[in-house]
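The structure appears below as structure tokens.
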Amino acid sequence: MKQELCYWANYTTPTICDKITSLAMNLEEQTPTLGFNSGDQNDSIRRSRVRWVDHNVNPEFGFVNDLMWKGLLQVNLDFYNFNVTKLPPMQFTEYDESYKGEYKMHQDVFWINPGPNHRKITLILQLTDSSEYEGGDLVFHYIDGHPSVEDNKAMKQKGSLIAFPSFIFHQLTPVTRGTRRSLVAWFEGPKFQ
Ligand SMILES: [Fe+2]
């Protein structure tokens, strides 16, 4: 699928997904923040647990860095052609039924931030198969060509990679059974002009 929203079904194998999950579970769990101000938290907007994946700190994640950059380069060359220069630490994200994990509608880009960059392209690697949870649907707003039922099914397969411009409004609906885990990469570049 190749519109504002792109995805590859089976971008990587379930074995690689399990390896990423088991490595990430060794990292310290944190409560996520909202916006570029690291103190902003709001349970009514987002309920999840996150761990930060930084291959500079934990070299065992080098292959994950390569895997995500490979996807970014392909999607950016084929479609977006945004000026992307940087991948900050990635977020291993868990939405669990015990706290009704969800993330209400938002954009990933922080338009007004004091730094030189904007988030340009978001990549999400699906680490849990759709059979292991209910709810937890990624929904996109105000886009042309909404994904079909088949597209949504394919995107929820373990190992699928989803890409979209970070300015697209999206949400994750509440998880009502089980746990959804994913790896989220926000690729940055010089601010939109
Ligand atoms: Fe997001």
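The values are calculated or read from the model by the stated rules, or taken from the named source; none is laboratory data. Keep in mind the model is a prediction, meaning the values are calculated, not measured. Cβ coordinates were reconstructed from backbone atoms using ideal geometry, including for glycine residues, and neighbour counts include every protein chain displayed.
Things to note:
- Considering residues of the range 171-193 that are touching a Ser or Thr at 6+ places or on another chain (Cβ under 6 Å) and away from the ligand (no atom under 11 Å from the Cβ) only, the residue nearest to Ile121 (Cα to Cα): Gly189
- Of all the residues in the range 27-48, those that are modelled with pLDDT under 70, small (Gly, Ala, Ser) and at negative phi number 2.
- Residue list for the range 139-170, restricted to those being away from the ligand (no atom under 11 Å from the Cβ), polar (S, T, N, Q) and surrounded by 15 or more Cβ atoms within 10 Å (Cβ to Cβ): Asn152, Gln157, Ser160
- Tabulated pairs, the range 44-64, first without any contact (Cβ under 8 Å) to a residue 12 or more places away in the chain and of a type outside the set (Gly, Ala, Ser), second surrounded by fewer than 16 Cβ atoms within 10 Å (Cβ to Cβ) and not in a strand (DSSP E or B), C-beta under 7 angstrom, 6+ apart or interchain: His55/Gly62
- Scanning the range 107-117 finds one or more residues that are over 16 Å from Val184 (Cβ atoms) and either within 14 Å of the ligand (Cβ to nearest atom) or not in a loop (DSSP other than H, G, I, E, B) (or both).
- Of everything listed in (1) modelled with pLDDT under 95; (2) under 18 Å from the mean Cα position of the chain (by Cα); (3) within 16 Å of the ligand (Cβ to nearest atom), the single unmet condition for Ser130 is (3).
- Options Gln171, Gln193; residue that is modelled with pLDDT of 95 or more and either more than 20 Å from Cys17 (Cα to Cα) or touching a Leu at 6+ places or on another chain (Cβ under 7 Å) (or both): Gln171
- Restricting attention to the range 92-101 and to residues that are in contact (Cβ under 8 Å) with a residue 12 or more places away in the chain and surrounded by fewer than 20 Cβ atoms within 10 Å (Cβ to Cβ), the residue that is farthest from the ligand (Cβ to nearest atom) turns out to be Glu97.
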